[in-house]
1. Shape verdict for the stretch 196-315, please, from the Cα gyration tensor: rounded (a/c under 1.5), prolate (a/b greater than b/c) or oblate.
2. Of the listed peptides 243-252, 274-283, 351-360, what is their order by residue-averaged count of other C-beta atoms within 10 Å, with the highest listed first?
3. Place a +1 charge on the Cβ of each Lys and Arg in the stretch 227-286 and a -1 charge on the Cβ of each Asp and Glu, then give the dipole magnitude about the Cα centre in debye, rounded to the nearest 20.
4. Using r as the Cβ-Cβ distance of SER285 and MET162, and R0 as 22 Å, what FRET efficiency do you calculate, to the nearest 0.05?
5. Report, to two decimal places, the Cα Rg of the stretch 230-376 normalised by 2.2 N^0.38 Å (N = number of residues).
6. Filter LYS101/LYS298; LYS42/LYS329; LYS23/LYS66; LYS42/LYS66 down to the pairs with a C-alpha to C-alpha distance above 31 Å, please.
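No lab work stands behind these numbers, since they all come straight from the coordinates. Because the structure is predicted, anything quoted here is derived from the model rather than measured. Reconstructed Cβ throughout: ideal geometry from the backbone, glycine too, with neighbour counts over all protein chains shown.
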Amino acid sequence: MIVLMMLIGAGIVYWIMQYLYRKHWNSNLTAEVYFATDHAVKGDQVELVEVVTNAKRLPIPFVNLKFQMDRSLDLGNADTSTVVSDQTYRNDIFSLFMNQKVTRKIPVICRRRGVYRINKIDMVSQGAFMTDILIASTQADAQIVVYPVLADPSQLKIPFQMVMGTIEKNSHLYEDKFVFRGIRDYQVYDSMNSINWKASARAGHLCVNQYNETMCQQVCILLNLEPEGMNQEERRVEACISIAAGLSQMFIEQGVSTELVCNGRDALSSECIRVYSGAGFSHLSALNTGLARIDADKEMPEFTEMIDQLEKKTNTSVLYVMISMNERKNLQEAFDRLTNYSRESVWITPAYADSQESPVYCNASFIHWQVSRYDS
């Protein structure tokens, strides 16, 4: 009889513990996943941070943290499960005492340019006695933008110097009315608006204000990612994007206002990438983010249409740099019309070493950028 009562008591205790665990196991149990930085460059190693907090008196002896992330974020030898897909499935086991917080940092290598998110986390427990499957899900907001790697600076030197040389030639074309330099005697070619009447009264003859001259400092990078044939070539596409990133950084470091027009579509909004003219570190970040978010697999419009739209709003002070692996005749002619009044224009074409150069139908300075077919 005593044994029976003990068994019944043990059963009641077992049932109560199981019931309480089922009911309260995920109360005040939170999980968070985030990247230690919000941006990186292709090839960089960053940290993925996992934080699990059990803010109650009930211990959690066993809980699995599960989420999926893009395979372009390489977890190395970490505990992952991959199938034939674009996703890696992460599975981490945590054991938490009452009122405990556990943080883990996992190294991640950014293998490809892009925008990567983790939107959902699953927490899975097997109950107090490992007999149940208990699941709780929570939303995550982990995101990292992986910028393109910059193109080889030694190869960028020629197009950069060509454009900067033209900017320096234009440096004496305009006066900056906001930068006062001094006063000089009036000449017959000076306008009446430039006369400084107070200085003229003191000097007894007409005097005019002098201003510092400012240079035309605006570059527009035209990035065309249309393939030459039916299939997109990833190596040449990434070369185009890397060249755009490298030139953007070099121009902005020199204080040149830089604009980007691209027919590649945004991975998130599906709109064509357009970053209007600007300068400074924040603008460089906007340019890199735009380049990172290009999804070359999305259908894109013909670049001649975009050039025609720019031609309607053409500005003679803008210097154009075209980056395009497609060199078809009508595209060259459209670029020639756009740059008709520009003092310099450059066309950069990433091509394999054994590729034949296309005929030239426009006045731009052509630069053929050698791309390797294979990993070095």
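1. Prolate shape, in that a/c is at least 1.5 and a/b is the bigger ratio.
2. On the way: 243-252: 23.7, 274-283: 13.8, 351-360: 11.4.
Top to bottom by mean Cβ count within 10 Å: 243-252, 274-283, 351-360.
3. Numbers: 4 positive and 8 negative charges, 13 e Å.
Dipole of the stretch 227-286, to the nearest 20 debye: 60 debye.
4. Values: r = 26 Å, r/R0 = 1.18.
That gives a FRET efficiency of 0.25.
5. Values: Rg = 15.1 Å, N = 147, 2.2 N^0.38 = 14.7 Å.
Against the compact-globule rule of thumb, the ratio is 1.03.
6. Values: LYS101/LYS298 43 Å; LYS42/LYS329 34 Å; LYS23/LYS66 21 Å; LYS42/LYS66 26 Å.
Result: LYS101/LYS298; LYS42/LYS329 exceed 31 Å.
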